[in-house]
Number of protein chains: 2
Amino acid sequence: MAKSGIGKRRMAALRDGGEGYAQRRNEIIAAGAEVFRERGYEASSLRDVAARLGTDRASLYYYVASKNELFQLVTQQAVEQVVSAAESVAAEPADAVTRLRKLIVTTVQKYDEHYPYMFVYIQEDMNRIHSESLDEVWARTMLQLGRRFENALLTILNQGVADGVFDITHKHIAMNSIIGSINWTHRWFKPSGQLSGEQLGAHLSSMIISGLAK
Amino acid sequence: MAKSGIGKRRMAALRDGGEGYAQRRNEIIAAGAEVFRERGYEASSLRDVAARLGTDRASLYYYVASKNELFQLVTQQAVEQVVSAAESVAAEPADAVTRLRKLIVTTVQKYDEHYPYMFVYIQEDMNRIHSESLDEVWARTMLQLGRRFENALLTILNQGVADGVFDITHKHIAMNSIIGSINWTHRWFKPSGQLSGEQLGAHLSSMIISGLAK
């Protein structure tokens, strides 16, 4: 969509628009999340998102460039919540086993809560950064979020090793094995099934913690 | 590429061509694997594959429709080897811990050996079956291979529970957690690094087996 006039205004507003602009943009992201969740990405349109907010589609272009960009922003917001939660857990003054369990359960709960955005994020390999400039900014942000999650997890693993409760030869392998176990849920776990995200997280964390224990 | 004449002849040969046809097709798949491995998918052409076999590109169309189909066949062959190996391990008369360790190590070794085909297979979510007929046949075959791998793994987990060595509340969760831990390696493990596939498999299997142990 070659709307360079509105595109430039949007970029300027993103940079200089202040809190009012950011707040309206967040309202649009929240409405987008609701619409995408209800109808799925394919069936949703920016018109539906505008209707949800009682406005028209044209006014949305001052905030987002396309349905695709809105979907990326929705996903980013979900991932930001997961990462913030993981960092909070890593900063708690509890023992390593308690914190690791909480990190795993919270993460799976958030995946459940933010389904399907988290699963789209996991399926899209963030290491394959796209060439379009907007996608690239987004992909870079997502990569950084991934690193912050890894660091939160590593903080806890390091504490467990220092305290003599975890037996870990290669922290990098342990970290990736844990992340793999959690992230692979995007291939088989469907929310609103027999098992809640919290229950699934509890089962996974039991296996993982036993696997690390001395 | 609308080559309906050659397309029909290929389909007929696939059905009725017998061993000679199948053997030549396998030679082409093997040559394709070498070329893709050396140059990567993007930089490879059917002409390169033909040159490797000392023939011309036109003659390949009697066996494969396109570079994309050849790549699918290469991937399928790699996955078939992984699944056959897993089924052999599951049929061995050893205890569950020994068999589970062997299944995990063998799988990671094969991923390493068949890099990058296994990783392409994992990244492509086989649950999202494409609509083109050829892709659909391929995707269905790959899905069945995935189920066979799951069954081999479940056989071992069931034996471990029956023998009282594994403590597993939800076999489905345990199975998927193990597969997640193995398959997630496609995001971070690069062959010919510091760690061999066998070593990585050994580390993962230690964590996983401790996690299941009573």
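The values are calculated or read from the model by the stated rules, or taken from the named source; none is laboratory data. Because the structure is a prediction, the values reported are computed rather than measured. Virtual Cβ from ideal backbone geometry, glycine too; neighbours counted across all protein chains shown. Each accessible area value is taken on the protein alone, full model and side chains, heavy atoms only, with ligands, DNA and RNA left out. Shrake-Rupley method; radii C 1.70, N 1.55, O 1.52, S 1.80 Å.
With 0.36 nm allotted per residue and the present C-alpha distance subtracted, the residue A:19-residue A:190 stretch has 57.9 nm of extension available. The C-alpha atoms of chain B occupy a region whose extents along the principal axes are 61, 37, 30 Å, arranged from largest to smallest. Taking every alpha-carbon pair in the protein assembly as shown and binning the separations at 10 Å intervals from zero gives 4, 18, 26, 23, 18, 9, 2, 0 percent. Here the peptides A:15-21, B:178-184 are ranked by packing, the mean other Cβ count within 10 Å, and the order with the highest first is B:178-184, A:15-21.
Farthest toward the positive end of the dipole of the protein assembly as shown, out of B:53, A:30, B:33, is the Cα of B:53, where the dipole comes from beta carbon charges about the Cα centre. Peptide B:204-213 is shielded by partner chain Cβ atoms: per residue, an average of 6 of them sit within 10 Å of its Cβ.
Take residue B:34, move 7 Å from Cα toward the beta carbon, and the resulting point lies 6.1 nm from the same point in each other copy, nearest first.
What does the buried accessible surface come to for A and B, summed over both chains, with the probe at 1.4 Å? Round to 100 Å².
For chain A against chain B, roughly 2500 Å² becomes buried.
Ligands, DNA and RNA left out, the 1.4 Å accessible surface of the stretch B:12-139 is 48% carbon and sulfur atoms. Taking a ≥ b ≥ c as the square roots of the eigenvalues of the Cα gyration tensor, the stretch A:130-214 is oblate, since a/c reaches 1.5 or more and a/b is not larger than b/c. Shown for chain A are the DSSP H helices of 20 Å or more along their axis, judged by Cα atoms, with a mean Kyte-Doolittle hydropathy of at least -1.0: A:18-39, A:67-90, A:96-113, A:133-162, A:197-212. Scaled against 2.2 N^0.38 Å for its residue count N, the alpha carbon radius of gyration of the stretch A:4-65 is 1.13. The residue of chain B whose Cβ sits closest to the rotation axis that maps B onto A, together with that distance in whole Å, is B:211, 2. Spin-label model, residue A:162/residue B:165: points 7 Å from Cα along the beta carbon direction are separated by 3.7 nm.
Counting Cβ atoms of other protein chains within 10 Å of each Cβ in B:184-190 and taking the mean gives 5.
Projecting 7 Å from Cα along the Cα-to-Cβ direction, the label point of residue A:188 sits 2.0 nm from its equivalents in the other copies, listed shortest first.
Annotation for residue B:214, label-to-label distances across the other copies: 2.6 nm (shortest first, one decimal, point 7 Å from Cα along Cα→Cβ). Taking all protein chains into account, the per residue accessible area for the protein assembly as shown stands at 48 Å² (1.4 Å probe).
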